[in-house]
Amino acid sequence: MTATLLRGNAWVFQGILDVDWEILSYEVSRQLQQKGLPRTYEELGKYCMVNLDPDFPRKVQKGDFIVGSENVGYGHDHDQACMAIKGAGVGAVLCESSNGNFVRNSIDHGLPVVEIKGISTAVKQGDQLEVDLAHGSCRNLTNGIVLQFAPLPDFLREILAAGGVYPMLEHKLRSGALQVPRTRPS
């Protein structure tokens, strides 16, 4: 049904990762909008995490992980931050805890956010990780540590595999698996 095994290198960031500052500066997002530039994954990805590491968008590899501590995605419910992370090529965000709005927005855009107790101390910058979303395990291939988390349910993995909620719904509509009612219910 869905891809469940993710592999990549860890990019470790400590402290609160606010959606409007550390992940993607609200000012940058506002300036892009004023210039009439499209709000695409690729465009926003060019500015992902630059307040903490100006070279991050150029160094991160497709499928790598952002590893954080507490309150990843803290702040407003703006979805530009998760779009920037996805646009930079990050495969998933792994953290001790996160903001519910950030998790929801990320899933909507096809980006897994996984809360894993102990992740911030078990992983160092550059460690190679393997994350199994279906079985709830994060294996640090560099140091051998294995951490467990609540496996993602099938419906969330289906959304993620489709690239987000809108691509999933579009596919279901086109395939006939989802029907749109022709009349309003009374």
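Numbers at a glance
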item: Estimated FRET transfer efficiency (Gln33, Asp132; beta-carbon r; R0 41 Å; 0.05); result: 0.60
item: Positive-pole candidate from Pro57, Leu111, Gln179, dipole of the chain, charges at beta carbon; result: Gln179
item: Rel. contact order, % - alpha carbon contacts under 8 angstrom, at least six apart, the range 1-93; result: 43
item: Neighbourhood net charge (12 Å Cβ-Cβ; Lys/Arg +1, Asp/Glu -1) for Gln128; result: 0
item: ³J(HN,Hα), Karplus 6.51/-1.76/1.60, whole Hz, each residue of the range 173-181, x for Gly, Pro; result: 5, 5, 7, x, 6, 10, 10, 9, x
item: 5 angstrom amide H check on His109, placed H, neighbours 5+ away; result: Val165
item: Label zone at Ala161, where the point sits 7 Å out along the Cα-to-Cβ direction: the range 1-43 residues whose backbone N lies under 14 Å; result: 1-6
item: For the chain, the longest site-free run once trypsin sites (Lys or Arg not before Pro) in DSSP loop states with at most 10 other Cβ atoms within 10 Å are removed; result: 63-181
item: Local electrostatic count, Met168, Cβ distance below 12 Å [Lys/Arg +1, Asp/Glu -1]; result: 0
item: Whole-Hz couplings from phi, Karplus 6.51/-1.76/1.60, listed for the range 13-22; x for Gly and Pro; result: 10, 8, x, 5, 10, 6, 5, 9, 9, 5
item: Amide H within-cut-off set for Tyr47, under 5 Å, with H built and near neighbours excluded; result: none
item: Backbone HN-Hα couplings from phi across the range 50-58 [Karplus 6.51/-1.76/1.60, Hz, Gly and Pro as x]; result: 5, 6, 9, 8, x, 9, 3, x, 8
item: Candidates Tyr47, Tyr74, Tyr166: whichever shows maximal mean-square fluctuation once the chain is modelled as a Gaussian network with Cα springs under 10 Å; result: Tyr166
item: Radius of gyration and Dmax over the Cα atoms of the chain, both given in Å; result: 17.1, 61
item: The chain - mean residue ellipticity at 222 nm from DSSP helices (-39,500 (n - 2.57) per run, n ≥ 4, rounded to 500); result: -8000 deg cm²/dmol
item: Rounded, prolate or oblate (a/c below 1.5 giving rounded, otherwise prolate when a/b exceeds b/c) for the range 2-51 by Cα gyration tensor; result: oblate
item: Proximal charge balance of Ser29 [Cβ under 15 Å; K/R count +1, D/E count -1]; result: -3
item: Under-5 Å amide H pairs with Leu17, H placed in peptide plane, nonlocal only; result: Val72, Gly73, Tyr74
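The numbers here are math on the coordinates, done by the rules we state, and not lab data. Predicted model only: the values in this text are computed from it and were never measured. Positions of Cβ are backbone-derived with ideal geometry, glycine not excepted, and every protein chain shown enters the neighbour counts.
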